[in-house]
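Chemist: First the structure, then my questions, so here it is.
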Amino acid sequence: MTENNTQPQVSMQINSQYIKDLSFEAPNMPLTLTDMQQMPDIKIDIDLRANKTQTDKNYTVDLTIRIKGANKTDQKTLFLCELTYGAAVTLDAPQELIETLLLVEVPRLLFPYARAIVGNTMREAGFPSLQINPIDFMGLYLAKKNEKSAAVEGNKT
């Protein structure tokens, strides 16, 4: 008797990467730079979306990074930066792996490029370049999945 320990075949190709949306606001410039006495409070939000295209095995993935910097003393907005960085992906994998690949592996590959764009945008706007720490996309994926499960369970009661 032989055991079948074969791994599922997975093929993933990023066909293109692109800036889908980039916006930056610094509503109180140039006063912001002269009034800033300390590092601002910075809030970073990450959002992921994956969609199947009309073509079989092709998907789009959008990684959105929203950053808000506010003055620590009065919480006045210093800057808002939002980037949606996308990719067109061809993926051939078992159905049970597709969601994880699209929401964990593809964003992991896109993140260094998105981080560089945000850092360059901040620097060009006159602020110190912002270096976003690496993101645990698997942890983010599992947290979102648990939130959805909890919401479904909450609706059943």
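Chemist: Scanning the stretch 110-127 for residues that are over 18 Å from Ala88 (Cβ atoms) and in contact with a strand residue (DSSP E or B) (Cβ under 7 Å, 6 or more places away or on another chain), which turns out surrounded by the most Cβ atoms within 10 Å (Cβ to Cβ)?
Modeler: Among them, the one singled out is Val118.
Chemist: Name the residue that is farthest from Pro107 (Cα to Cα), counting only residues in the stretch 54-66 that are in contact with a strand residue (DSSP E or B) (Cβ under 9 Å, 6 or more places away or on another chain) and outside any strand (DSSP E or B).
Modeler: Step by step, filter the stretch 54-66, then rank; the result is Thr55.
Chemist: Suppose the filter is modelled with pLDDT under 95 and either among the acidic types (Asp, Glu) or surrounded by fewer than 21 Cβ atoms within 10 Å (Cβ to Cβ) (or both); does Glu99 pass it?
Modeler: For Glu99, the condition - modelled with pLDDT under 95 and either among the acidic types (Asp, Glu) or surrounded by fewer than 21 Cβ atoms within 10 Å (Cβ to Cβ) (or both) - is met.
Chemist: Out of the helices (runs of 4 or more DSSP H) lying entirely within the stretch 67-157, which hold 3 or more residues that are more than 30 Å from Lys57 (Cα to Cα) and of a type outside the set (Phe, Trp, Tyr)?
Modeler: Those helices (runs of 4 or more DSSP H) span 106-124, 137-156.
Chemist: If only one of Leu80, Leu101 is touching a Gly at 6+ places or on another chain (Cβ under 9 Å) and on the phi < 0 side of the Ramachandran plot, which one is it?
Modeler: Going through Leu80, Leu101 in turn, just one is touching a Gly at 6+ places or on another chain (Cβ under 9 Å) and on the phi < 0 side of the Ramachandran plot: Leu80.
Chemist: Which condition does Lys72 not pass, out of (1) in contact with a strand residue (DSSP E or B) (Cβ under 6 Å, 6 or more places away or on another chain); (2) within 18 Å of Gln13 (Cβ to Cβ), if it passes all the others?
Modeler: All conditions pass for Lys72, except number (2).
Chemist: Name the pairs: first residue in the stretch 47-69 and without any contact (Cβ under 8 Å) to a residue 40 or more places away in the chain, second residue part of a loop (DSSP other than H, G, I, E, B), Cβ to Cβ under 7 Å, at least 6 apart or on different chains?
Modeler: Filtered contacts from the stretch 47-69: Thr60/Thr53.
Chemist: Follow-up. Tell me the residue from Lys57, Lys68, Lys144 that is crowded, with 16+ Cβ neighbours inside 10 Å and either basic (Lys, Arg) or at pLDDT below 90 (or both), please.
Modeler: The unique qualifying residue is Lys68.
The values are calculated or read from the model by the stated rules, or taken from the named source; none is laboratory data. Please read all numbers here as calculations on a predicted model, not as lab measurements. Counting neighbours? That spans all protein chains shown, and the Cβs are built from the backbone with ideal geometry, glycine included.
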